[in-house]
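Scroll down for the structure; my scribbles are underneath it.
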Amino acid sequence: MSLLVILGIAVGLAMDAFAVSLGASASGRAAGPRAAFRLAFHFGLFQFAMPVVGWHLGVTVEPWIAPVDHWVALALLSFVGGRMIVSGIRGGEQGCAGDPSRGWTLVALSVATSIDALAVGLSLAMLGVRIWYPSAVIGVVTGTLSFAGVLLGSRLGLRFGQRMEAAGGALLVVIGLRILFQHLAA
């Protein structure tokens, strides 16, 4: 598999993490270099690990994972996104009161944005591709784009304030729906 193909896969997989990083930062709840590092590191790590897990699972458990992966992603993204929407509309601490770059929210976002990478790992196993190099590229690209998303999102948040939190939450729900519809249409 060529580097160009691997980069294309990596950028495609990283778009969800980029969008989540953008929304989290624009909301004002995940600002600064530490939040940028946490989001970039965790999204990159999960995007690296999920193809490896998928590859190791291979075709033996694929029939059990494939029917539910899109529903898990939708549930996680909708839960976190819904909390952000409520907080953005109410204008304060009633909704998603914490920093989405910390704790269980960060884990939920990391899992939700990397479930499609699990499917890529399954596909690579079926193609007989060695997994470590593509996974490393996917992780680095995702981390880099997530970091850039936080930087860009913080600029948008300064301009648009609390409305960006609701918009970021809506974006998470849309990403979850996109994952669901892509899977159901396939």
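Do we find a residue being crowded, with 24+ Cβ neighbours inside 10 Å and either at pLDDT below 80 or farther than 26 Å from I131 by Cβ (or both) anywhere in the stretch 33-46?
No, because not a single residue in the stretch 33-46 is crowded, with 24+ Cβ neighbours inside 10 Å and either at pLDDT below 80 or farther than 26 Å from I131 by Cβ (or both).
So, of the residues in the stretch 94-141 that are among the polar types (S, T, N, Q), part of a helix (DSSP H, G or I) and modelled with pLDDT under 95, which turns out to be farthest from P51 (Cα to Cα)?
Checking each candidate, the answer is T105.
Out of the stretch 142-166, which residues are buried (at least 19 other Cβ atoms within 10 Å of the Cβ), touching a Gly at 6+ places or on another chain (Cβ under 7 Å) and at pLDDT below 90?
Answer for the stretch 142-166, where residues must be buried (at least 19 other Cβ atoms within 10 Å of the Cβ), touching a Gly at 6+ places or on another chain (Cβ under 7 Å) and at pLDDT below 90: G153, G157, M164, E165, A166.
Looking at (1) more than 19 Å from the chain's Cα centre (by Cα); (2) at pLDDT 85 or above, can you tell me which one E62 breaks?
Of everything listed in (1) more than 19 Å from the chain's Cα centre (by Cα); (2) at pLDDT 85 or above, E62 misses just condition (2).
If you go through the stretch 170-179, how many residues are at pLDDT 70 or above and surrounded by 18 or more Cβ atoms within 10 Å (Cβ to Cβ)?
5
Could you please give the count of residues in the stretch 117-136 that are crowded, with 19+ Cβ neighbours inside 10 Å and out of contact with any Phe, Trp or Tyr (no Cβ under 8 Å at 6 or more places or on another chain)?
The total comes to 4.
The values are calculated or read from the model by the stated rules, or taken from the named source; none is laboratory data. Quantities reported herein were computed from a predicted structural model and do not represent experimental measurements. Cβ atoms come from the backbone with ideal geometry, glycine included; neighbour counts cover every protein chain shown.
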